[in-house]
Amino acid sequence: MEKTFLMVKPDGVQRNLVGDIVSRFEKKGFKLAGAKLMYISDELAKTHYGEHKERPFFGELVDFITSGPVFAMVWEGEEVIKTARDMMGATNPQEAATGTIRGDFGVTVGKNIIHGSDSLESAEREINLFFNSDDVLSYDKQDSSWIY
Ligand code: DAT
Ligand code: MG
(Lines give C-alpha, C1' and ligand atoms only; values in the text may rest on other atoms or scores of the structure.)
(Ligands and ions follow the chains in the order given, each with its own letter.)
Protein backbone atom coordinates (compact mmCIF):
# COMPACT_ATOMS: atom_id res chain seq x y z
CA MET A 1 0.00 0.00 0.00
CA GLU A 2 1.20 3.53 -0.82
CA LYS A 3 2.85 5.55 1.96
CA THR A 4 3.57 9.25 2.36
CA PHE A 5 5.56 11.44 4.69
CA LEU A 6 3.63 14.25 6.40
CA MET A 7 4.94 16.68 8.99
CA VAL A 8 3.24 19.29 11.14
CA LYS A 9 5.70 22.19 11.04
CA PRO A 10 6.81 24.16 14.15
CA ASP A 11 3.99 26.71 13.69
CA GLY A 12 1.37 23.94 13.66
CA VAL A 13 2.82 22.36 16.81
CA GLN A 14 2.94 25.72 18.64
CA ARG A 15 -0.62 26.54 17.54
CA ASN A 16 -2.02 23.24 18.89
CA LEU A 17 -3.01 21.91 15.47
CA VAL A 18 -1.44 18.43 15.75
CA GLY A 19 -4.66 16.82 16.99
CA ASP A 20 -6.87 18.38 14.32
CA ILE A 21 -4.45 17.46 11.55
CA VAL A 22 -4.05 13.84 12.71
CA SER A 23 -7.82 13.63 13.05
CA ARG A 24 -8.42 14.73 9.45
CA PHE A 25 -6.25 11.95 8.04
CA GLU A 26 -7.71 9.38 10.45
CA LYS A 27 -11.28 10.32 9.56
CA LYS A 28 -10.48 10.26 5.85
CA GLY A 29 -9.62 6.58 6.20
CA PHE A 30 -5.83 6.60 6.06
CA LYS A 31 -3.73 4.52 8.43
CA LEU A 32 -1.03 5.97 10.68
CA ALA A 33 2.14 3.90 10.24
CA GLY A 34 4.61 5.98 12.25
CA ALA A 35 4.83 9.24 14.19
CA LYS A 36 7.20 11.21 16.38
CA LEU A 37 7.70 14.66 17.87
CA MET A 38 11.25 15.75 17.08
CA TYR A 39 13.66 18.57 16.41
CA ILE A 40 15.07 18.78 12.89
CA SER A 41 18.84 19.36 12.79
CA ASP A 42 20.29 21.97 10.47
CA GLU A 43 21.79 19.14 8.40
CA LEU A 44 18.50 17.24 8.09
CA ALA A 45 16.67 20.46 7.15
CA LYS A 46 19.15 21.20 4.37
CA THR A 47 18.92 17.63 3.03
CA HIS A 48 15.13 17.48 3.26
CA TYR A 49 14.70 20.82 1.45
CA GLY A 50 17.74 20.32 -0.83
CA GLU A 51 15.68 20.91 -4.00
CA HIS A 52 15.16 24.53 -2.83
CA LYS A 53 18.79 25.34 -1.95
CA GLU A 54 19.16 27.97 -4.70
CA ARG A 55 15.88 29.73 -3.84
CA PRO A 56 16.02 33.12 -2.06
CA PHE A 57 13.90 31.85 0.84
CA PHE A 58 16.09 28.78 1.56
CA GLY A 59 17.82 30.25 4.63
CA GLU A 60 14.53 31.40 6.10
CA LEU A 61 12.97 27.99 5.40
CA VAL A 62 15.80 26.13 7.19
CA ASP A 63 15.67 28.55 10.16
CA PHE A 64 11.91 28.12 10.43
CA ILE A 65 11.77 24.33 10.18
CA THR A 66 14.49 24.00 12.86
CA SER A 67 12.93 26.62 15.16
CA GLY A 68 10.89 24.19 17.27
CA PRO A 69 9.60 20.62 17.40
CA VAL A 70 7.82 19.16 14.38
CA PHE A 71 5.40 16.22 14.35
CA ALA A 72 6.66 13.78 11.71
CA MET A 73 4.31 11.08 10.41
CA VAL A 74 4.01 8.24 7.92
CA TRP A 75 0.51 7.63 6.57
CA GLU A 76 -0.65 4.74 4.44
CA GLY A 77 -3.52 4.25 1.99
CA GLU A 78 -4.63 4.09 -1.62
CA GLU A 79 -3.50 7.28 -3.45
CA VAL A 80 -2.43 8.77 -0.10
CA ILE A 81 0.36 10.91 -1.60
CA LYS A 82 -1.90 12.92 -3.90
CA THR A 83 -4.92 12.90 -1.60
CA ALA A 84 -2.89 14.21 1.34
CA ARG A 85 -1.51 17.03 -0.86
CA ASP A 86 -5.11 17.89 -1.81
CA MET A 87 -6.12 17.88 1.87
CA MET A 88 -3.16 20.19 2.67
CA GLY A 89 -4.10 22.76 0.03
CA ALA A 90 -1.93 25.08 -2.05
CA THR A 91 1.58 26.00 -0.82
CA ASN A 92 0.49 29.61 -0.24
CA PRO A 93 -2.34 29.57 2.32
CA GLN A 94 -3.78 32.70 0.66
CA GLU A 95 -4.42 30.52 -2.41
CA ALA A 96 -5.45 27.39 -0.53
CA ALA A 97 -9.13 26.45 -0.66
CA THR A 98 -11.23 26.67 2.48
CA GLY A 99 -11.58 23.19 3.91
CA THR A 100 -7.92 22.38 3.34
CA ILE A 101 -5.42 22.48 6.21
CA ARG A 102 -3.50 25.47 4.86
CA GLY A 103 -6.71 27.17 3.74
CA ASP A 104 -8.27 26.79 7.18
CA PHE A 105 -5.27 27.58 9.38
CA GLY A 106 -2.52 29.40 7.46
CA VAL A 107 -2.02 33.04 6.51
CA THR A 108 1.49 33.27 4.99
CA VAL A 109 3.56 31.00 2.74
CA GLY A 110 6.49 31.01 5.18
CA LYS A 111 4.32 29.55 7.94
CA ASN A 112 2.06 27.10 6.13
CA ILE A 113 1.53 24.52 8.89
CA ILE A 114 2.25 21.23 7.13
CA HIS A 115 4.64 19.43 4.78
CA GLY A 116 3.66 16.52 2.56
CA SER A 117 5.61 14.48 0.01
CA ASP A 118 4.76 15.39 -3.57
CA SER A 119 5.60 12.13 -5.41
CA LEU A 120 6.33 8.45 -4.87
CA GLU A 121 10.08 9.14 -5.09
CA SER A 122 10.00 12.00 -2.58
CA ALA A 123 7.79 9.97 -0.22
CA GLU A 124 10.31 7.12 -0.18
CA ARG A 125 13.21 9.51 0.21
CA GLU A 126 11.58 11.50 3.03
CA ILE A 127 10.31 8.46 4.96
CA ASN A 128 13.86 7.06 4.93
CA LEU A 129 15.33 10.42 5.95
CA PHE A 130 13.07 10.78 9.00
CA PHE A 131 12.29 7.21 10.11
CA ASN A 132 14.16 4.00 10.82
CA SER A 133 12.44 1.10 9.07
CA ASP A 134 11.63 -0.40 12.53
CA ASP A 135 9.55 2.67 13.37
CA VAL A 136 7.23 2.35 10.35
CA LEU A 137 4.69 -0.26 11.40
CA SER A 138 2.64 -2.76 9.44
CA TYR A 139 -0.55 -3.79 11.21
CA ASP A 140 -4.17 -4.69 10.56
CA LYS A 141 -6.92 -2.23 11.36
CA GLN A 142 -10.53 -3.16 12.00
CA ASP A 143 -11.92 -0.44 9.75
CA SER A 144 -10.13 -1.44 6.55
CA SER A 145 -13.02 -3.56 5.22
CA TRP A 146 -15.30 -0.53 5.64
CA ILE A 147 -12.94 1.70 3.64
CA TYR A 148 -11.82 -0.62 0.83
P1 DAT B 1 5.14 22.55 -0.67
O2 DAT B 1 5.45 22.65 0.80
O3 DAT B 1 3.70 22.87 -0.96
O4 DAT B 1 5.60 21.27 -1.30
P5 DAT B 1 7.42 23.81 -1.97
O6 DAT B 1 8.07 22.46 -2.01
O7 DAT B 1 7.37 24.59 -3.25
O8 DAT B 1 5.95 23.74 -1.38
O9 DAT B 1 8.19 24.73 -0.92
C10 DAT B 1 8.62 24.19 0.32
C11 DAT B 1 8.33 25.19 1.40
O12 DAT B 1 9.11 26.37 1.18
C13 DAT B 1 6.89 25.67 1.45
O14 DAT B 1 6.05 24.81 2.16
C15 DAT B 1 7.03 27.00 2.13
C16 DAT B 1 8.37 27.51 1.62
N17 DAT B 1 8.18 28.40 0.47
C18 DAT B 1 7.82 28.06 -0.78
N19 DAT B 1 7.73 29.14 -1.58
C20 DAT B 1 8.07 30.20 -0.82
C21 DAT B 1 8.17 31.61 -1.03
N22 DAT B 1 7.91 32.13 -2.23
N23 DAT B 1 8.53 32.39 0.03
C24 DAT B 1 8.79 31.86 1.23
N25 DAT B 1 8.70 30.55 1.51
C26 DAT B 1 8.35 29.73 0.52
MG1 MG C 1 7.48 20.51 -1.73
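The values are calculated or read from the model by the stated rules, or taken from the named source; none is laboratory data. What you see is a predicted model, and the numbers here were worked out from it, not measured in a lab. Please note: Cβ atoms are built from the backbone with ideal geometry, for glycine as well, and neighbour counts cover all protein chains shown. Areas reflect the complete protein model, heavy atoms only, side chains present, ligands, DNA and RNA absent. Shrake-Rupley method; radii C 1.70, N 1.55, O 1.52, S 1.80 Å.
Odds and ends about this structure:
- Hey, E76 acidic (D, E) and under 22 Å from F131 (Cα atoms) or not: yes
- Residue within the range 60-76 that is farther than 16 Å from V8 by Cβ and of a type in the set (G, A, S) present: no
- Filtered residue count, the range 123-148, keeping only those that are part of a loop (DSSP other than H, G, I, E, B) and of a type in the set (D, E): 2
- Complete set of residues in the range 83-123 that are among the basic types (K, R) and closer than 19 Å to E60 by Cβ: R102, K111
- Scanning the range 123-148 for residues that are within 16 Å of ligand 2 (Cβ to nearest atom) and either open to solvent by 20 Å² or more (accessible area, probe 1.4 Å) or in contact with a Phe, Trp or Tyr (Cβ under 6 Å, 6 or more places away or on another chain) (or both) gives A123, E124, R125, E126, I127, L129.
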